[in-house]
Amino acid sequence: MREGCRMWSRLRKFLIALSVGLNIAFITLWALHAYPTGNAAHIDSLYGPAHTQAPSLLHRSVNATPEQWRAIEPHVRDFQEAARSTREDMKELRRKMLHLLAEPVVDEKAIHSTKQEILAHQERMKNLVINFLLKEKEILEPEQFKALLDAIQRRCNSCGDNEGPGMMSRVLGNDAP
């Protein structure tokens, strides 16, 4: 009985960590959707050099200028690449954790080690998001940055208390700022 309680406690901690990881993954996917990539020539070909709006829906909602977008866009590409790599690593770690949990004999040391790796990757993802937003803050005007944060908050609030794939598809499918 006591062993079952300990196992449930460990499993509950893992599920909480997995939930946090999925939330981080959601933020990353949302950011990838909200910040399309492309170089300056591609932006000009789509929107024209005199166009007054950035291709990103969020940046359009805060009236980012083409010059601001050109300054932000390289950071978007860097963020997307780092986030992609981190997501792939986290996906592999989740597979490893599920494999460890499925083993007939539980290797608590390996489970704990994998859990720590997952938590480290979640922390890395959080840092990527914060650092990316700080770079945007340097480029956007204060009122634009506040409006950007407000738009992000509205999108997050529109999800309600629901979690899981349904919530993700609703937010990712909604292009309105």
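Identify all residues within segment 96-107 that are surrounded by 11 or more Cβ atoms within 10 Å (Cβ to Cβ) and not acidic (Asp, Glu); write none if there are none. Within segment 96-107, Lys96, Met97, Leu98, His99, Leu100, Leu101, Val106 qualify. Under 6 Å between Cβ atoms, which residue pairs at least 6 apart in sequence (or on different chains) link something in segment 49-63 that is closer than 14 Å to Glu73 by Cβ and open to solvent by 70 Å² or more (accessible area, probe 1.4 Å) with a partner that is at pLDDT 80 or above and not in a loop (DSSP other than H, G, I, E, B)? Within 6 Å, the pairs are Gln53/Arg60. Criterion applied to Ala110, Ala71 was being farther than 19 Å from Arg124 by Cα and either at pLDDT 95 or above or surrounded by fewer than 15 Cβ atoms within 10 Å (Cβ to Cβ) (or both), and the one residue passing it is Ala110.
Close contacts from segment 106-135, counting a first residue that is over 28 Å from Gln68 (Cα atoms) and a second that is assigned to a helix (DSSP H, G or I) and of a type in the set (Phe, Trp, Tyr), with Cβ to Cβ under 8 Å and a gap of 6+ residues or different chains, come to Ile111/Phe14; Lys115/Phe14.
The values are calculated or read from the model by the stated rules, or taken from the named source; none is laboratory data. Small disclaimer: the values here were computed from a predicted structure and weren't measured. With ideal geometry, Cβ positions are generated from the backbone for all residues, glycine too; neighbour counts draw on all protein chains shown. Please note that ligands, DNA and RNA were not included when accessible areas were found on the heavy atoms of the full protein model with its side chains. Shrake-Rupley method; radii C 1.70, N 1.55, O 1.52, S 1.80 Å.
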